[in-house]
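Peer 1: Questions regarding the structure given below will be posed in turn.
The values are calculated or read from the model by the stated rules, or taken from the named source; none is laboratory data. All values derive from a computational prediction rather than experimental measurement. Here the Cβ positions follow ideal geometry from the backbone for every residue, glycine too, while neighbour counts run over all protein chains shown. Surface accessibility is based on the protein's heavy atoms, side chains included, excluding ligands, DNA and RNA. Shrake-Rupley method; radii C 1.70, N 1.55, O 1.52, S 1.80 Å.
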Amino acid sequence: MSAVLETAVLWGVGVGPGDPELLTLKAARVLRESPVVAFFAKRGCVGNARTIADPHLHGDQEELRFDYPFTVEVPATDAGYRSEMSGFYDICAGRIAEHLVSGRSVAVLCEGDPFFYGSFMYLHDRLAGRFSTRAIAGITGMSGCWAAADLPMTHGDDILSVLPGTLEAAVLARKLAEADAAVIMKVGRNLPKIRRALDRVGLLDRSVYVERGTMAAERIEPLAARDPDKPAPYFSMVLVPGRRGAR
Ligand SMILES: C[S@@+](CC[C@H](N)C(=O)[O-])C[C@H]1O[C@@H](n2cnc3c(N)ncnc32)[C@H](O)[C@@H]1O
């Protein structure tokens, strides 16, 4: 590897779940020092990670904004989904590589933690062999949410299951029945199905719904008390705490 490639670093910067105070000192430093800042966003939106990082950026940095071709409109099971997203990530990686080849480090903003269901991993897959890559751990959305909900989640030997709400109802119910504690992510339009699965395995009364946890528009309520017909946004999750742990 040439000296130029060794000095330029691809950073995956975890910016935490939303509250600007939940971003690490290391993330703040790297954001300040990076000549190029990249981020993914839904078309027409500022971008959640970009919003969180805003106080740490300054006008002298070049910004690479990557608009997802689609977000939740096209299900991941759709025939064209994989190839379209793969082509999109190829283009993003190519644009980032141009900077890295020129010796400019690139900080990719990642909501929560970069290696926990983050789009950064698709860039890492494509670039890690050619360039220096570093991830900065971030506070995950789920830990932000359970702290915001004041909800102790796992005691002793409890097993925590992290489940995507996109799972088929029967699979979701089976996995929930096996779990001590659970976090259900990617809620959005899957909420009615998630609610039914929780009800089926007797966990609805223990479940807490958290919307935009730690952000300004945070909402937290028992899932059972929430209007089942009310739509849930992308940034929402359901927490099922484990056994009450008093010894
Ligand atoms: C693609 S995953 C990204 C996870 C992120 N990298 C992390 O470390 O938490 C997006 C999902 O995480 C959950 N999520 C992340 N942050 C959240 C927050 N602040 N409030 C509620 N849900 C959140 C939602 O379920 C959302 O659909």
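Peer 1: Name the residues in region 29-48 that are out of contact with any strand residue (DSSP E or B) (no Cβ under 6 Å at 6 or more places or on another chain), in a loop (DSSP other than H, G, I, E, B) and exposed (fewer than 12 other Cβ atoms within 10 Å of the Cβ), would you?
Peer 2: Across region 29-48, the qualifying residue is only Gly44.
Peer 1: Which one is surrounded by the fewest Cβ atoms within 10 Å (Cβ to Cβ) among residues in region 1-28 that are among the hydrophobic types (A, V, I, L, M, F, W, C), part of a helix (DSSP H, G or I) and at pLDDT below 95?
Peer 2: Ala3
Peer 1: Next up: Just for region 103-154: of the residues that are over 21 Å from His56 (Cα atoms) and basic (Lys, Arg), which one is most open to solvent (accessible area, probe 1.4 Å)?
Peer 2: That would be Arg130.
Peer 1: Where residues in region 49-63 are touching a strand residue (DSSP E or B) at 6+ places or on another chain (Cβ under 8 Å) and not small (Gly, Ala, Ser), which of them is nearest to Ala217 (Cα to Cα)?
Peer 2: Ile52
Peer 1: Let me ask something additional. Among residues belonging to region 205-222 that are surrounded by fewer than 14 Cβ atoms within 10 Å (Cβ to Cβ) and outside any helix (DSSP H, G or I), point out the one that is farthest from the ligand (Cβ to nearest atom).
Peer 2: Pro222
Peer 1: Moving on. So, in region 133-155, exactly how many residues are of a type outside the set (Val, Ile, Thr), part of a loop (DSSP other than H, G, I, E, B) and in contact with an Asp or Glu (Cβ under 7 Å, 6 or more places away or on another chain)?
Peer 2: Adding up the residues that qualify gives 2.
Peer 1: Would you tally the residues in region 131-164 being more than 10 Å from the ligand (Cβ to nearest atom) and either within 21 Å of Val13 (Cα to Cα) or assigned by TED's automatic domain parsing to the domain that holds Gly18 (or both)?
Peer 2: Of the residues in region 131-164, 6 are more than 10 Å from the ligand (Cβ to nearest atom) and either within 21 Å of Val13 (Cα to Cα) or assigned by TED's automatic domain parsing to the domain that holds Gly18 (or both).
Peer 1: Scan region 116-138 and report the pairs whose first residue is in contact (Cβ under 8 Å) with a residue 40 or more places away in the chain and whose second residue is among the β-branched types (Val, Ile, Thr) and crowded, with 21+ Cβ neighbours inside 10 Å, with Cβ atoms within less than 7 Å and a gap of 6+ or a chain change.
Peer 2: Here the result reads Phe120/Val108; Leu123/Ile96; Leu123/Val108; Leu127/Ile96; Ile136/Val13; Gly138/Val15, each pair linking region 116-138 to a residue that is among the β-branched types (Val, Ile, Thr) and crowded, with 21+ Cβ neighbours inside 10 Å.
Peer 1: If you scan region 181-204, which residues turn out to be under 19 Å from Thr140 (Cβ atoms) and open to solvent by 40 Å² or more (accessible area, probe 1.4 Å)?
Peer 2: Across region 181-204, the qualifying residue is only Lys186.
Peer 1: Next question, about the same structure. With the requirement that a residue be among the hydrophobic types (A, V, I, L, M, F, W, C), surrounded by 17 or more Cβ atoms within 10 Å (Cβ to Cβ) and over 23 Å from Pro233 (Cα atoms), what does region 166-180 give you?
Peer 2: Ala179
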